[in-house]
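Before any comments, here is the structure.
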Amino acid sequence: MGRSTRPRSLEHTIADPVGARQQVLITGAGGQLGRALAAEFPDALALGRGEWDVELPPPALDSPPDLVLHAAAWTNVDLAEQHPQDAAAVNIGGTSHVAELGAPLVYYSTDYVFDGTKGAPYVESDAPNPLSVYGRTKLYGEAAAGEDSWIVRTSGLFGPWGTNFVRTILRLGREQEELPVVDDQRTVPTYVGDLAVATRELLDRPPGIWHVTAQGDCTWAEFAEAIVDEAGLNLRVRRISSAEAGRAARRPAYSVLRSEKDAPLLSHWRDGLRACLERLGEG
């Protein structure tokens, strides 16, 4: 994908978009990250898919935005294997459409751009090698965003809205007594509320690739057990392998992200979990 031609003179002009009364636009405002961003940037123009399906060119706006927080994305990892062109239309084509606005852009990427073979935390300078269609489309989306953008790689997003691991465990915990969960994939669950706050802080840093996740790490089974414990569910988590799970898309075995730069620091993932459960009334 081609790089943006936005002048580098824009790089340091968005230190405080809200305080400067500049227009912020949020894409994907109906999703879990978009809703968290809209709460953190209450004066932003928050557009859900009904207002702007990013597979299409930008809609007519009353005034051009000064900053775009691009949260719209295809996030169904397994379904992307069956519908690669649809996933690409959102994650690559959609990002190109957002870049057409010509405004500085925050693009949210993923730990799945890595193959998980390093065996140690991935930092910004590590070479990506995605294993899945989803990971490839998000990586190509990074290029579509342009080199003058903030590329925010994060992982395991969860929040009180939308479809995510926490809400799924809470639902299944009321429907069954035992749940098999993969125990050989290690990641960093990250609360969307914390990521939204970190986004504001990141705007004081120069554009580029940034790894922004919670502190700590865990397997998905360990995360599930923490949810069960914190929510007081009567559910037994049965640890299984990725092979036993039989998912369509390959996932990295170890995709912990850490920053070698001055990235914003988030709280521990378990603190984020407690905050999320409190919002849901489950804590």
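Given the condition at pLDDT below 95, touching a Pro at 6+ places or on another chain (Cβ under 8 Å) and open to solvent by 20 Å² or more (accessible area, probe 1.4 Å), answer yes or no: does some residue in segment 23-41 qualify? Within segment 23-41 (the criterion being at pLDDT below 95, touching a Pro at 6+ places or on another chain (Cβ under 8 Å) and open to solvent by 20 Å² or more (accessible area, probe 1.4 Å)), the answer is yes, since at least one residue qualifies. The set of residues from segment 254-274 being within 23 Å of residue 150 (Cα to Cα), among the acidic types (Asp, Glu) and at pLDDT 95 or above comprises just one member, 260. On the basis of being crowded, with 19+ Cβ neighbours inside 10 Å and assigned to a loop (DSSP other than H, G, I, E, B), does residue 115 make the cut? It is true that residue 115 is crowded, with 19+ Cβ neighbours inside 10 Å and assigned to a loop (DSSP other than H, G, I, E, B). Scoring residue 173 on the criteria (1) at pLDDT 95 or above; (2) open to solvent by less than 20 Å² (accessible area, probe 1.4 Å); (3) over 16 Å from residue 27 (Cβ atoms) leaves a single failure, condition (1). Cβ separations smaller than 7 Å between residues 6+ apart or across chains give the following pairs from segment 166-185 residues that are closer than 19 Å to residue 243 by Cβ and part of a loop (DSSP other than H, G, I, E, B) to residues that are at pLDDT 95 or above and open to solvent by 70 Å² or more (accessible area, probe 1.4 Å): 183/239. Restricting attention to segment 62-101, the residues that are touching a residue at least 40 places away in the same chain (Cβ under 8 Å), assigned to a loop (DSSP other than H, G, I, E, B), open to solvent by 30 Å² or more (accessible area, probe 1.4 Å) and not small (Gly, Ala, Ser) total 7.
Kindly provide the set of residues from segment 55-70 that are in contact with a strand residue (DSSP E or B) (Cβ under 6 Å, 6 or more places away or on another chain) and either of a type in the set (A, V, I, L, M, F, W, C) or within 21 Å of residue 189 (Cα to Cα) (or both), ordered by number. Across segment 55-70, the qualifying residues are 67, 68, 69, 70. Just give me the residues in segment 143-166 being farther than 28 Å from residue 273 by Cβ and either open to solvent by 40 Å² or more (accessible area, probe 1.4 Å) or at pLDDT 95 or above (or both), in sequence order. Of everything in segment 143-166, those that are farther than 28 Å from residue 273 by Cβ and either open to solvent by 40 Å² or more (accessible area, probe 1.4 Å) or at pLDDT 95 or above (or both) turn out to be 143, 144, 145, 147, 149. For segment 99-120, the tally of residues that are over 17 Å from residue 149 (Cβ atoms) and out of contact with any Asp or Glu (no Cβ under 8 Å at 6 or more places or on another chain) stands at 7. Residue check: residue 272 meets all listed conditions (1) in a loop (DSSP other than H, G, I, E, B); (2) open to solvent by less than 50 Å² (accessible area, probe 1.4 Å) but one, namely (1).
Condition check ((1) in a loop (DSSP other than H, G, I, E, B); (2) open to solvent by less than 50 Å² (accessible area, probe 1.4 Å); (3) under 30 Å from residue 70 (Cβ atoms)) across all residues:
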| residue | (1), (2), (3) |
| --- | --- |
| 194 | no, yes, yes |
| 198 | no, yes, yes |
| 223 | no, yes, yes |
| 228 | no, yes, no |
| 238 | no, no, no |
| 244 | no, no, no |
| 248 | yes, no, yes |
| 252 | yes, yes, yes |
| 259 | yes, yes, yes |
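Residues of segment 121-132 that are open to solvent by 20 Å² or more (accessible area, probe 1.4 Å), in contact (Cβ under 8 Å) with a residue 24 or more places away in the chain and either closer than 22 Å to residue 248 by Cβ or of a type outside the set (S, T, N, Q) (or both): 121, 123, 131.
The values are calculated or read from the model by the stated rules, or taken from the named source; none is laboratory data. As the structure is a prediction and not an experimental result, all values here were calculated from the model. Ideal geometry is used to build each Cβ from the backbone, glycine not excepted, and the neighbour counts take in all protein chains shown. Only protein heavy atoms, including side chains, enter the accessible area calculation; ligands, DNA and RNA are left aside. Shrake-Rupley method; radii C 1.70, N 1.55, O 1.52, S 1.80 Å.
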